[in-house]
Amino acid sequence: MAQLLLGAPAARALDDITAVSARALSVAPTLACIRVGDNPSALSYECALYKRADTCDCSVRSFVFEESDATTSSLIDTIKTINADPTIHACLLFRPLPCGIDERAVCETLDSSKDVDGITALSLSGVFTGEAIGFAPCTAEAVVHMLEHYEVPLEGAHVCVVGRSLVIGRPVSMLLQHKNATVTMCHSKTSKLAQLTRSADIIVAAVGRAGFIGANMVSPNQTIIDVGINWDERAQKIVGDVNFAEVEPIVRAISPVPRGVGSLTTSMLMHHVVLAAKRSCAQ
Ligand code: NAP
């Protein structure tokens with residue numbers, strides 16, 4: 001039976017570190033949260049954020065727009081206000097934004113020092129160079145934290161990342177390279193994908209296709225991190241990108257969905273909020 005890499009213990013350990021750092025600051029680390037409309041998954045994530053902020057001694061301020069009121073310029077103005085407010089250290093923008101809004105222009109208005117979820121080009125340049133410019137996308141960093149929490153060796157390991165999006169695949173590949181892993185980044189045009197995944201020590205699945213990684217793509221002694229969140233209409237539940245029933249009996253360790261990486265994302269976000277506050281105090 002494979003070891004289950006649950007997100008909650010890793011999240012608790014990170015929250016403890018974050019709360020200690022937050023209490024050591026002379027300011028209350030504060031996150032601004034911009035939401036357009038009342039999409040249920042955004043509402044539930046926002047609710048989870050408030051709870052996590054409480055655990056980590058941080059504050060959250062919501063900026064909410066009706067879909068009919070939100071325009072590119074109203075969102076840009078709000079972000080400019082947040083950039084200029086020294087009592088706000090960080091900002092999370094719920095995406096995707098409604099059609100007709102220039103999402104890139106809105107994202108790029110955010111000051112990278114407050115960009116705690118890696119949505120600006122400057123933050124992504126920091127991920128690329130390894131310099132402390134902005135922050136990596138939280139989910140990508142949560143993957144690395146999960147592996148480190150469960151003491152999965154990264155140095156010299158061969159990691160196969162399936163997916164190359166700017167939110168997960170690419171940043172997680174760079175972050176793992178900074179940990180001295182050897183990374184193969186795969187995508188929809190990769191040939192002999194199963195051969196590559198089978199040869200890896202670690203597979204990170206960020207494909208966005210339910211049960212994509214099956215028994216034919218894994219081998220014994222591997223660690224599998226499943227980042228996927230997919231709604232299975234037939235089973236009426238959330239499932240990952242890994243076919244858990246097929247893969248779990250073969251591999252050494254696997255993160256489940258739900259209760260895996262997803263449980264760590266808000267903790268990583270609060271960790272970034274406190275770091276952003278700390279950096280602003282040091283200026
Ligand atoms: P995305 O932007 O759709 O990217 C999917 C990636 O998978 C693309 O790079 C694509 O390749 C690749 N891909 C698609 N079909 C493939 C195939 N047949 N073989 C190999 N690669 C293939 O998705 P994303 O935003 O990265 O999200 C990935 C998953 O993570 C989704 O299930 C999403 O819901 C989940 N997610 C989880 C969290 C969390 O907190 N746990 C947060 C965000 C997202 P191409 O580039 O060639 O198209």
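Computed over the chain, relative contact order equals 23 percent, with contacts defined as Cα pairs under 8 Å that lie 6+ residues apart. The stretch 68-204 gives an Rg/Rh value of 1.06, both radii derived from C-alpha positions and Rh following Kirkwood.
Computed over all pairs of different Cα atoms, the Kirkwood value for the hydrodynamic radius of the chain is 19.4 Å. Ordering of 13-25, 161-173, 39-51 by packing is 161-173, 13-25, 39-51, highest average first (other Cβ atoms within 10 Å, averaged per residue). Of the trypsin sites (Lys or Arg not before Pro) found in the stretch 220-283, the ones in coil according to DSSP and having at most 16 other Cβ atoms within 10 Å of their Cβ are Arg234, Arg252, Arg259.
For the residues Val218, Val251, Val60, a GNM of the chain with alpha-carbon springs under 10 Å puts the largest fluctuation on Val251.
Per residue, the chain reaches -12000 deg cm²/dmol at 222 nm when only DSSP H runs of four or more residues are counted, each adding -39500 (n - 2.57). How much net charge surrounds Ile238 when only other residues with a Cβ under 15 Å from its Cβ are counted (Lys, Arg +1; Asp, Glu -1)? Charge balance in the 15 Å sphere: 0. What is the sum of charges around Ala11, taking Lys and Arg as +1, Asp and Glu as -1, for the other residues whose C-beta is under 12 Å from the C-beta of Ala11? Computed value for this residue: +2. Seen against the Cα atoms of the chain and their longest principal axis, helix 7-23 is set at about 30 degrees. The value of relative contact order for the stretch 22-118, using C-alpha pairs under 8 Å at least six residues apart, is 35 percent. From the alpha carbon centroid of the stretch 99-174 to that of the stretch 1-68 is 17 Å. Other residues whose C-beta falls under 15 angstrom from the C-beta of Thr81 contribute a net charge of 0, scoring Lys and Arg +1 and Asp and Glu -1. Classify the stretch 214-274 from the C-alpha gyration tensor, please: rounded if a/c falls under 1.5, else prolate or oblate depending on whether a/b exceeds b/c. Note, shape of the stretch 214-274 comes out oblate. Here the translational diffusion coefficient of the stretch 43-144 follows from Stokes-Einstein with Rh set to the Kirkwood radius across Cα pairs; for 20 °C and 1.002 mPa s it amounts to 147 µm²/s.
Straight-distance candidates among the lysines for linking to Lys80, with alpha-carbon spacing under 19 Å and chain neighbours fewer than 8 residues away dropped: Lys114. Overall, the ratio between the Cα radius of gyration of the stretch 35-82 and 2.2 N^0.38 Å, rounded to two decimals, is 1.30. A Cβ-based charge dipole, computed about the Cα centre of the stretch 1-152 with Lys and Arg at +1 and Asp and Glu at -1, lands at about 220 debye.
Every number here is computed from the coordinates shown, using simple stated rules; none is lab data. All of these numbers come straight from a predicted model, not from anything done at the bench. Every residue, glycine as well, gets a Cβ built from its backbone with ideal geometry; the counts of neighbours run over all protein chains shown.
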